[in-house]
Amino acid sequence: MASSTTTMAMRLAVTVGLLLILVFLVADPREVWTLITNVGLPAMIGAILLSFLDRIIMAYKWWLLLRARELTVTLWMAVRCYLASSLYGLVLPVTVGADAVRVLAFRNLGMMEITASIVIERSLGVIAMGTVGLLSCLLLARAMIEVEVRSLALWLTVAMIAGTALFTASLWLADRWTTTRSPAAAPSLIRKAVEAYGHYRRHPVLLTVFYLLSVGESLLSAVIAYVVAIGLGVPLPLYVLVATIPIALASARLPISLGGFGVQEASFVFLAGLVGVSSTNALTIMLIADIAMLIALLPSAFETSMLTLRRQAVKHNGEQ
């Protein structure tokens with residue numbers, strides 16, 4: 001308990017420290033405040049709706065994986081769970097904490113099946129992130145002739161190909177292992193976990209659709225920033241945001257701050273600076289995008305207990 005409290009305090013300190021440095025030392029605080037308070041209302045509403053759509057797409061992708069395992073979870077329950085876990089994930093360890101909330105919410109439906117769906121989701125998400133990251137590098141190379149990013153693009157290509165090959169091989173091996181071994185050859189819990197994971201090998205179309213939706217979702221973050229930039233009156237080409245925003249959000253996966261805040265802003269300010277965007281404008285764009293995302297998740301604050309989701313899942317299962 002003491003260790004987790006210390007970790008939380010350290011992550012809070014990193015978040016606050018980075019944001020204070022960005023606001024008061026890197027950017028102009030008065031100009032940041034002026035830009036935030038004067039952002040156009042249509043742009044703000046658009047950013048909020050797109051942020052909500054982003055989470056809906058995430059929940060829908062996960063729901064598809066649950067359906068492939070024939071788990072009786074409605075899309076509405078999956079959306080509620082995903083929104084709530086996203087909100088909790090802002091204060092829990094990045095990714096892992098939010099995923100644990102989802103496992104807890106629907107554990108009565110089969111913890112191994114839920115966990116397998118999340119492992120598949122994260123694995124394909126990393127591959128999709130690598131794809132978008134490669135696109136971002138190529139766009140950065142176009143925007144910054146004097147900066148060498150080809151080597152990074154090459155490494156990303158190799159990593160993406162290797163990751164895809166390993167992911168495909170792991171599905172094949174898991175499915176092969178469970179179909180060739182006798183039930184007594186492994187502990188029941190291990191067998192259930194491997195079987196739940198390997199089952200997705202039989203759904204190549206689903207995995208392809210999931211991957212494409214993940215790529216689209218990653219690009220949507222750049223569209224959100226583009227809408228915010230329009231609302232601020234900052235003329236930025238969309239390709240500049242596609243080249244910078246996905247990389248900045250990927251850096252937020254590092255579990256050193258609360259919800260990635262501070263880290264993603266610092267990354268975007270740095271990357272945007274490489275293509276001539278001022279620190280003040282870059283920081284303001286990211287801060288407003290953060291605010292839009294928090295507002296989109298706000299309804300989840302009224303989701304008082306994951307127990308209600310479990311009860312509804314049981315009730316829905318009984319009606320089938």
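Is it the case that Ala250 is assigned to a helix (DSSP H, G or I), farther than 30 Å from Leu71 by Cβ and within 19 Å of the chain's Cα centre (by Cα)? Talk me through it step by step, then tell me what you get.
Values: assigned to a helix (DSSP H, G or I): yes; farther than 30 Å from Leu71 by Cβ: no; within 19 Å of the chain's Cα centre (by Cα): yes.
So Ala250 fails the test.
Say whether the condition of being open to solvent by less than 40 Å² (accessible area, probe 1.4 Å), touching a Cys at 6+ places or on another chain (Cβ under 8 Å) and over 21 Å from Val194 (Cα atoms) is met by at least one residue in segment 45-64. Looking through segment 45-64, at least one residue is open to solvent by less than 40 Å² (accessible area, probe 1.4 Å), touching a Cys at 6+ places or on another chain (Cβ under 8 Å) and over 21 Å from Val194 (Cα atoms). Residues of segment 130-141 that are farther than 12 Å from Thr164 by Cα and of a type outside the set (Val, Ile, Thr): Gly133, Leu134, Leu135, Ser136, Cys137, Leu138, Leu139, Leu140, Ala141.
Taken over segment 224-264, the criterion of being more than 30 Å from Thr6 (Cβ to Cβ), touching a residue at least 60 places away in the same chain (Cβ under 8 Å) and hydroxyl-bearing (Ser, Thr, Tyr) is satisfied by Tyr239, Thr244. Can you spot a residue in segment 21-29 that is open to solvent by less than 70 Å² (accessible area, probe 1.4 Å) and outside any helix (DSSP H, G or I)? Checked segment 21-29: at least one residue is open to solvent by less than 70 Å² (accessible area, probe 1.4 Å) and outside any helix (DSSP H, G or I). Within the set Val240, Val215, Val227, Val223, the sole residue that is over 30 Å from Leu75 (Cα atoms) and assigned to a helix (DSSP H, G or I) turns out to be Val240.
The values are calculated or read from the model by the stated rules, or taken from the named source; none is laboratory data. Being a predicted model, the structure only gives us computed values, none of them experimental. Glycine gets a Cβ as well: all are built from the backbone with ideal geometry, and neighbour counts include every protein chain shown. Only protein heavy atoms, including side chains, enter the accessible area calculation; ligands, DNA and RNA are left aside. Shrake-Rupley method; radii C 1.70, N 1.55, O 1.52, S 1.80 Å.
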